[in-house]
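Have a look at the structure below, then the notes.
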Amino acid sequence: MKNKHIKIYRKALCFAESFFCAKIQLYKKEGIMKNILVTGGAGFIGSHLCEKLLEQGNHILCLDNFFTGSRKNVEHLMDNREFELIRHDIIEPIILEVDQIYNLACPASPIHYQHNAIKTIKTNVLGVTNMLDLADETKSRILQASTSEVYGDPIVHPQKESYWGNVNPIGIRSCYDEGKRVAEALMMDYHRQHNVDIRIIRIFNTYGPRMAQNDGRVVSNFIIQALKNEDITIYGDGSQTRSFCYVDDLVRGMITLMNTEDFMGPVNVGNDGEYTILELAKMIIELANSKSKIVFKPLPSDDPTQRRPDLTLAKEKLGYEPTIHVRDGLMKTIEYFEKVI
Ligand code: NAD
Ligand code: UDP
């Protein structure tokens, strides 16, 4: 009886495998399957992007130096034969056969990008140059993960792509925001000088499952504090604003931009609901059913006072609109952190 079950199980496995292989052959034949490099693929956003691109029938090369990302973020993808994990630092050149490159490699949270500020600049200058050389060599399309930080502490509100920003070039955030501005400049120059096929996305504050517990960003900090009934630490008086985008919305916008012809951006992608940090703290306390108290700590220098994306261009060119309300996205993120902390 036991043998019979094993036989059935093996047959089912064989069938699943041949079905899977046939599907892969079909994707390859129809040119649907692409070799896609995701740098920073073991990070928060990168891991969701790898997952989605695999689901869509692509072969993924996930490259990461594991500075802020981890194998754990992509553990569930390891058994998929179309997923490869490469340990590499983009400030060193690399040759790979690819059709598309999503360049996400760069620490994103202030505590991490300020930890080794020179390395952050190198990642955005040498690293981006290496990825652009690879795109040039392989004639692949490259998408750069840029940021709302290119607008600095914005005087124009909400921020449109045509706004050039208000950035302190010598402050503690400049390794990241000036770094990302150079990265955009490099993308444009490779396009103009070498005709590299580029896409630039300006990502606004994104949150969701798999944010690192030690990330230091506001959503993960507040949720972890709320779940532990510890003090919620607001920097400054909490009147500064941000607009929070759930990771699934962002990833959809990213993939759409990559696969849209005749439009390279830069384009804002995010959620245009705007909240003060105090409102966010209160919302998280309520959703997590927490007993936490709010405490106020000093505001770090150059902390932007307001931020909200103008999404007109994203809507017009990509048909993009956020679909996940912040309360729903926060609830999903709270449920995730409940399991991991
Ligand atoms: P993250 O820190 O979770 O992911 C970054 C990943 O890049 C990590 O896995 C890290 O190990 C890897 N990495 C860093 N430097 C590298 C290097 N030199 N070589 C190879 N790998 C390297 O951050 P995230 O939130 O997932 O951000 C991903 C990208 O999106 C970043 O480029 C970030 O600037 C951009 N972005 C994120 C947000 C956001 O709110 N999360 C907002 C704007 C822009
Ligand atoms: N912030 C806060 N408490 C925290 C972490 C962050 O009040 O524990 C504030 C931070 O000063 C900033 C806002 O929340 O005004 C968003 O911070 P985050 O680092 O998440 O993103 P960024 O400043 O890069 O937009």
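Table for the structure above
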quantity	calculated
Gain in span if fully extended, His76 to Asp328, counting 0.36 nm per residue against the direct Cα distance	88.3 nm
Packing rank of 144-153, 40-49, where each peptide gets the mean count of other beta carbons within 10 Å, highest leading	40-49, 144-153
Within segment 235-341, chymotrypsin sites (Phe, Trp or Tyr not before Pro) in DSSP loop having at most 14 other beta-carbon neighbours inside 10 Å	Phe263
Estimated inter-spin distance, Val295 and Ile86, nm [label 7 Å along Cα→Cβ]	4.6 nm
Shape parameters for segment 105-167, alpha-carbon atoms, Rg then Dmax in Å	14.2, 40
Value of [θ]222 nm, deg cm²/dmol, for the chain, DSSP H segments ≥ 4, -39500 (n - 2.57) each, nearest 500	-13000 deg cm²/dmol
Two-decimal Rg to Rh for segment 272-341 - Kirkwood Rh, Cα set	1.05
Sorted by Cβ density within 10 Å, fewest first, the residues Met33, Met254	Met33, Met254
Centre separation in Å (Cα based) which lies between segment 69-86 and segment 147-178	34 Å
Net lengthening on full extension, Ile94/Thr260 (0.36 nm per residue, minus Cα-Cα)	57.1 nm
Of the DSSP H helices in the chain, those whose Cα atoms cover at least 27 Å axially and whose Kyte score averages -0.5 or more	2-29
Cα-Cα pairs of the chain separated by more than 36 Å (percent)	21 percent
Mean projection area, nm², convex hull over Cα of segment 171-300	9.4 nm²
Over 31 Å between alpha carbons, listed pairs Lys52/Lys180; Lys119/Lys339; Lys52/Lys291	Lys119/Lys339; Lys52/Lys291
Ranked Arg199, Arg81, criterion: other C-beta atoms within 10 Å, fewest first	Arg81, Arg199
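A short reminder: the numbers here are calculations on the coordinates, not readings from a lab. Everything numeric here is computed off the predicted structure, so don't read it as measured data. Because the Cβ atoms are built from the backbone with ideal geometry, glycine has one as well, and the counts that use them run over all protein chains shown.
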